[in-house]
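The values are calculated or read from the model by the stated rules, or taken from the named source; none is laboratory data. Keep in mind it's a predicted model, so treat the numbers as computed, not measured. Note: ideal-geometry Cβ built from the backbone for every residue, glycine included; neighbour counts use all protein chains shown. Remember, those area values only see protein heavy atoms, side chains included, never the ligands or the DNA or RNA. Shrake-Rupley method; radii C 1.70, N 1.55, O 1.52, S 1.80 Å.
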Amino acid sequence: MRILIVGGSGQIGRHLVRDLSGMTAAGEQVIATYHHHPIEGGVPLDITDTELLAERIPAMRPDAVIWLAGSKDVGRLEREPAFSEAINETPIRRLLDILHTMPVAPRLIYLSTDYVYCGRHGQYRDDDMRQPGTVYGRSKLAAESMILDSGLDAVVLRTSAVMSSHAGFLAWLLGELKNGRQVSLFSNATFSPTPPIHLSRALHFLLNAPFSRCSLNFAGPAVTRYDMGRRACEAFGLPVELVRETEMDFSSGT
């Protein structure tokens, strides 16, 4: 099996490339693309270049495509809806056209997000109503719909808050705590942080899963950021007193 990871240089991609390389059986191959940040053995690919996309995807002859690419910059996407469509929707539309032209279309696994939900309830089930409240969420929902309506062998996997000590919330938290700075974290709102290795195992399972044309939710257990901050202190031997408790004001809509 030839597994193509589109977006292998991002936070999730780097973990997945490493993890899948250790999970694959003899004769299987992991190929990853990158754009701005080269990775060892990677293939350069700009997903907004439709001609390049049409050239590179078939040339790599993948048996499965795991799509991680696109922008997760919620702030920028909110300010620039046109950019959101160009980076998160149009490449998917083009990808589906390309896969339809291949003699044997590869299995497509699309990594989506919990942003397709409104976020006010939590513990969402696979078939819960999707009501995104952000431009990012709406762009991911649009991509999901295109994929599930394509007729291809495809699975959408939604995840949440993938944690890494190198980027994102966990990296910021550890940086503050290790420098002795106090942090104030919400204790009245939960999120579902997901360890990268668990996500990699889920994606590996989906490569040969006996089902298709469906969407699934996969994330870690619900926890408050305040509790996570305290657990991080305990795990890394840092003073728990650095984590201060605060509450989100839901009455203001924030």
Checklist entry - Using beta carbons and a limit of 6 Å, which pairs, at least six apart or on different chains, have the first residue in the range 154-179 and farther than 15 Å from Arg225 by Cα and the second one of a type in the set (Phe, Trp, Tyr) and open to solvent by 10 Å² or more (accessible area, probe 1.4 Å)? => result Leu157/Phe218; Thr159/Phe218
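Yes or no, residue by residue, for (1) of a type in the set (Asp, Glu); (2) under 18 Å from the mean Cα position of the chain (by Cα); (3) surrounded by fewer than 21 Cβ atoms within 10 Å (Cβ to Cβ):
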| residue | (1), (2), (3) |
| --- | --- |
| His35 | no, yes, yes |
| Val43 | no, no, yes |
| Ile47 | no, yes, no |
| Thr50 | no, no, yes |
| Met60 | no, no, yes |
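Residues that are out of contact with any helix residue (DSSP H, G or I) (no Cβ under 6 Å at 6 or more places or on another chain), at least 3 per element: which strands (runs of 3 or more DSSP E) completely within the range 181-254 meet that? Explain how you work it out, then say what you get.
Details: elements: 183-186, 214-217, 243-246.
Answer list for the range 181-254: 214-217.
For Glu85, indicate whether it is surrounded by fewer than 13 Cβ atoms within 10 Å (Cβ to Cβ) and in contact with a helix residue (DSSP H, G or I) (Cβ under 9 Å, 6 or more places away or on another chain). So that I can check it myself, show each step before the final result.
On the way: surrounded by fewer than 13 Cβ atoms within 10 Å (Cβ to Cβ): no; in contact with a helix residue (DSSP H, G or I) (Cβ under 9 Å, 6 or more places away or on another chain): yes.
Criteria not met by Glu85.
Looking at Ala82, Ala26, Ala86, Ala59, which one is at pLDDT 95 or above and more than 25 Å from Gly151 (Cα to Cα)?
Values: Ala26 fails: at pLDDT 95 or above; Ala86 fails: more than 25 Å from Gly151 (Cα to Cα); Ala59 fails: more than 25 Å from Gly151 (Cα to Cα).
Testing whether each residue is at pLDDT 95 or above and more than 25 Å from Gly151 (Cα to Cα) leaves just Ala82.
Of these, Ile3, Ile47, which one is farther than 25 Å from Ala209 by Cα, in contact (Cβ under 8 Å) with a residue 40 or more places away in the chain and of a type outside the set (Gly, Ala, Ser)? So that I can check it myself, show each step before the final result.
Numbers: Ile3 fails: farther than 25 Å from Ala209 by Cα.
Result of the check over Ile3, Ile47: Ile47.
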Checklist outcome for this item: Reported set for the range 8-34 where residues are of a type in the set (A, V, I, L, M, F, W, C) and under 17 Å from Ala167 (Cα atoms) is Ile12, Leu16, Val17
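Can you tell me which residues in the range 143-169 are open to solvent by 30 Å² or more (accessible area, probe 1.4 Å), among the aliphatic types (A, V, I, L, M) and not in a strand (DSSP E or B)? Spell out the reasoning first.
Keep residues of the range 143-169 that are open to solvent by 30 Å² or more (accessible area, probe 1.4 Å), which gives 145-146, 148-149, 151, 153, 161, 165-169.
Filter once more, so that each one left must be among the aliphatic types (A, V, I, L, M): 146, 148, 161, 167.
If the condition is that a residue be open to solvent by 30 Å² or more (accessible area, probe 1.4 Å), among the aliphatic types (A, V, I, L, M) and not in a strand (DSSP E or B), then Met146, Leu148, Ala161 are the ones that fit.
Any residue at all in the range 79-100 that's in a loop (DSSP other than H, G, I, E, B) and within 18 Å of the chain's Cα centre (by Cα)? Quick ask: steps written out before the conclusion?
To start, the set of residues in the range 79-100 that are in a loop (DSSP other than H, G, I, E, B) comprises 80, 89.
Next cut, within 18 Å of the chain's Cα centre (by Cα) only: 89.
Among the residues of the range 79-100, at least one is in a loop (DSSP other than H, G, I, E, B) and within 18 Å of the chain's Cα centre (by Cα), which makes the answer yes.
Sort through Ile5, Ile39 and tell me the only one that's out of contact with any Leu (no Cβ under 8 Å at 6 or more places or on another chain), within 22 Å of Ser164 (Cα to Cα) and β-branched (Val, Ile, Thr). First the steps, then the outcome.
On the way: Ile5 fails: out of contact with any Leu (no Cβ under 8 Å at 6 or more places or on another chain).
Sole residue among the options that is out of contact with any Leu (no Cβ under 8 Å at 6 or more places or on another chain), within 22 Å of Ser164 (Cα to Cα) and β-branched (Val, Ile, Thr): Ile39.
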Item to check | Subset tally (residues that are without any contact (Cβ under 8 Å) to a residue 60 or more places away in the chain, surrounded by 12 or more Cβ atoms within 10 Å (Cβ to Cβ) and not hydrophobic (A, V, I, L, M, F, W, C)) for the range 211-254 | outcome: 7
Checklist entry - From the residues in the range 23-33 that are open to solvent by 40 Å² or more (accessible area, probe 1.4 Å), more than 20 Å from the chain's Cα centre (by Cα) and not charged (D, E, K, R), which one is nearest to Arg94 (Cα to Cα)? => result Gln29
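Among the residues of the range 107-142, write down those that are within 20 Å of Ser212 (Cβ to Cβ), open to solvent by less than 30 Å² (accessible area, probe 1.4 Å) and assigned to a helix (DSSP H, G or I). It would help to see each step written out before you state the result.
From the range 107-142, those within 20 Å of Ser212 (Cβ to Cβ) are 107-112, 116, 125-127, 130, 140-141; that's our starting set.
Then keep just the ones that are open to solvent by less than 30 Å² (accessible area, probe 1.4 Å); that gives 107-112, 116, 140.
Of everything in the range 107-142, those that are within 20 Å of Ser212 (Cβ to Cβ), open to solvent by less than 30 Å² (accessible area, probe 1.4 Å) and assigned to a helix (DSSP H, G or I) turn out to be Val116, Lys140.
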